[in-house]
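The values are calculated or read from the model by the stated rules, or taken from the named source; none is laboratory data. Computed from a predicted model, the values in this text were never measured in an experiment. Cβ sites come from the backbone with ideal geometry, for glycine too, and all protein chains shown count toward neighbours. With ligands, DNA and RNA removed, areas are computed over all heavy atoms of the protein, side chains included. Shrake-Rupley method; radii C 1.70, N 1.55, O 1.52, S 1.80 Å.
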Amino acid sequence: ASARQSLGAFIRHPAAGQRAAPPRLPSSASKATAALGLLPAAMRRPLAMAAVCALALPLLALPGPAGTQSAAVGRTAWSIAVMGGFWAFELLPIAVTALLPLFLFPLLGIMPAQAVSQSYFQDKNVLFFGGLVVAAALECVRAHERIALTTLLLFGTRPRQLLLGFMAATAFLSMW
């Protein structure tokens, strides 16, 4: 027990001639909002989101194409700028940022909800999303590790055998 304690003390307080371990860098989201200074961490992200939305406000004044009175161009530019800011600074998870047009476009009167949702929920997109959900479920129960280890046990570890094994596993999983 004393060796563990001394090792723990060494890790926390290195000897005089050694450098201390560098501090862990914060995530990019907190780096982006760290410029907000002394505010509590719970307030930084909402304030940064409001700042991105406010900085994009001048885009709302963009005129439509010549000869039209369409304000949808400015509103579309604003929503794209907000999404770009949320994406660049990771203020929201990227998957959530990608879904913003589903409610921003109908809310701002750019497109009706039915037209926006048709773009998101095409047959191929739903099929791809379903595949991602199945993959996430397999990963959650660690079935991917079981499948890989079983493949290694059944087919061996030589490169040709590995290739055949993983092709067979892929073909087997593709049946469903």
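Just to verify a result, which residue in the range 68-94, among those that are of a type outside the set (A, V, I, L, M) and open to solvent by 60 Å² or more (accessible area, probe 1.4 Å), is farthest from Leu55 (Cα to Cα)? Result: Thr68. Test Leu55 against the criterion of being among the aliphatic types (A, V, I, L, M), modelled with pLDDT of 75 or more, farther than 30 Å from Phe129 by Cα and in contact with a Gly (Cβ under 7 Å, 6 or more places away or on another chain), and give yes or no. No; evaluated as a whole, the condition is false for this residue. Scanning the range 107-124 for residues that are surrounded by 11 or more Cβ atoms within 10 Å (Cβ to Cβ) and either touching a residue at least 60 places away in the same chain (Cβ under 8 Å) or among the small types (Gly, Ala, Ser) (or both) yields Ala113, Ala115, Ser117, Ser119. Looking at Thr157, Thr97, Thr151, just one residue is farther than 29 Å from Ala51 by Cβ, open to solvent by less than 80 Å² (accessible area, probe 1.4 Å) and among the hydroxyl-bearing types (Ser, Thr, Tyr), and that residue is Thr151.
The set of residues from the range 138-149 being of a type outside the set (D, E, K, R) and over 19 Å from Ala171 (Cα atoms) comprises Cys140, Val141.
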